[in-house]
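Taking it in order: structure first as structure tokens, then the write-up.
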Amino acid sequence: MQKVITYGLVEKIIDICNINSVPVMVDPKGNDFMKYKNSFLVKPNKSELEKMTKINIKDKNSLLRASKQML
């Protein structure tokens, strides 16, 4: 299966939006959030954040650790 939204396409869209002062808000998929760098906002859900950081989020402290790692 061929991907339509490639890593390079995501980066290009974000770059074009940044040049034109358009904030990019992302609901990420997968566990590679680097393709969303330079976005205004990246909003993973709990399971996406756990996958990306490999931290089991069970309380406020683990949520903060995972959030800091994502940043």
Quiz item: Considering only protein heavy atoms, what per residue accessible area in square angstrom results for the chain with a 1.4 angstrom probe?
Solution: 79
Quiz item: Of the accessible area of the chain, with the probe set at 1.4 angstrom, what percent is carbon plus sulfur?
Solution: 59
Self-check item: Which labelled figure in (1) 13.6, 39; (2) 15.6, 49; (3) 14.5, 49 is Rg and Dmax of the Cα atoms in Å, once derived from the coordinates
Solution: (1)
Exercise. Tell me which residues come under 5 Å, amide H to amide H, from VAL26 once H is placed; ignore anything under 5 positions away on its chain.
Key: LEU41, VAL42, LYS43
Quiz item: Modelled label-to-label distance, VAL10 and SER47, 7 Å Cα→beta-carbon offset: nm?
Solution: 1.8
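The values are calculated or read from the model by the stated rules, or taken from the named source; none is laboratory data. If you're wondering where the values come from, they're calculated on a predicted model, not measured in any experiment. Reconstructed Cβ throughout: ideal geometry from the backbone, glycine too, with neighbour counts over all protein chains shown. These area figures cover heavy atoms from the full protein model, side chains too; ligands, DNA and RNA do not enter into them. Shrake-Rupley method; radii C 1.70, N 1.55, O 1.52, S 1.80 Å.
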